[in-house]
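The values are calculated or read from the model by the stated rules, or taken from the named source; none is laboratory data. Here the structure is a predicted model, which is why all the values come from computation and not from measurement. Virtual Cβ from ideal backbone geometry, glycine too; neighbours counted across all protein chains shown.
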Amino acid sequence: MRSLWKLFSVMTLSGALLLTGCGGKENETAADQPKLTPTQVIDKSMQTMEKGGHTYDVKTNQTITVASGDVSQAIKTRNTSTIDVTMNPVALHLKGKTESSGASEEIEMFLADNALYNKIPQMGWVKTTVDTSAMDASQDPMSGIKQVEQLFEKLGGNALPAGVSLNEEGNQYVLSIDFTALKQDGQTFESMMKDQVIRGLQSSGFDPSKLQNMKFEKLNQKIYIDKNNFKQTKTLQEMHILVTNDQDTLKLEQQMEMNLKGEYNGKIEVPADIKNSARQI
């Protein structure tokens, strides 16, 4: 069960990182712009998201079902948090609260310097090694909009790949992505995501062979892009993951909503007292 907690911590982080990575610059208004192709919309949003850091308000509803032998337990939680994110270097600070079974607890998480620090209710601070160099936004296959942009480059022109649609709602573009349908060079997004998670876990002592039966049953994302400045103002995400091995089974069902709150220009650092007190898991 301990190894599954380690996996869950990284998968929760993966969910957050899938939602983040947006930047901003002011461009001409939508009324002044010519009609843009899907490729141009995504390219402009990519250029915007690669600049600076941002702060987001995030709401998460999730159900975690863990089974070990004949014992099974399902835990439903609702999290509300504020997240500061920088992409160069990749770093994250999450702070908020979680509600489960009528109880409420404060939560906090840092991702920085190749480590994930997680404040777990009734356990205190724990530390998990994470290879943040593998999460660079310029090459990270977990970055959904980057994956779509690469597919556009492969296809040429403005043909939408299977699993992707771009529509307009008022003053926003709406990019919808079904990641389970995406493929690049014959490799599915699921296999690329699995490779990413394995790289992130190898240095933390988790046995990568246990991930061979990891399945992304659902991974959908809807990104709202402002027509005026190409900032990603809101992202909705639904993720269902099933992991099985000889002894344990973990199923994560998660719905997340992220709203852009503003720019973040600071540097994310883990306080010394947290570094010194955190237990390695």
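Residues of the stretch 224-239 that are more than 13 Å from the chain's Cα centre (by Cα) and either of a type in the set (D, E, K, R) or part of a strand (DSSP E or B) (or both): Tyr224, Ile225, Asp226, Lys227, Lys231, Gln232, Thr233, Lys234. The set of residues in the stretch 240-271 that are closer than 21 Å to Ala112 by Cβ, among the acidic types (Asp, Glu) and not in a strand (DSSP E or B) contains only Glu269.
Of all residues in the stretch 226-277, those satisfying the criterion of being without any contact (Cβ under 8 Å) to a residue 12 or more places away in the chain and charged (D, E, K, R) are Asp246, Asp273.
A single member of Leu160, Leu175, Leu166, Leu151 is surrounded by 14 or more Cβ atoms within 10 Å (Cβ to Cβ), modelled with pLDDT of 80 or more and farther than 13 Å from Asn220 by Cα, and it is Leu166. Tell me, please, whether a residue that is touching a helix residue (DSSP H, G or I) at 6+ places or on another chain (Cβ under 8 Å), among the charged types (D, E, K, R) and modelled with pLDDT of 65 or more can be found in the stretch 140-147. Among the residues of the stretch 140-147, not one is touching a helix residue (DSSP H, G or I) at 6+ places or on another chain (Cβ under 8 Å), among the charged types (D, E, K, R) and modelled with pLDDT of 65 or more, which makes the answer no.
So, of the residues in the stretch 240-275 that are among the acidic types (Asp, Glu) and either exposed (fewer than 14 other Cβ atoms within 10 Å of the Cβ) or over 17 Å from the mean Cα position of the chain (by Cα) (or both), which turns out to be nearest to Lys51 (Cα to Cα)? This residue is Glu263. Inclusion of Asp248 among residues that are over 24 Å from Ala181 (Cβ atoms) and in contact with a Leu (Cβ under 7 Å, 6 or more places away or on another chain) is warranted.
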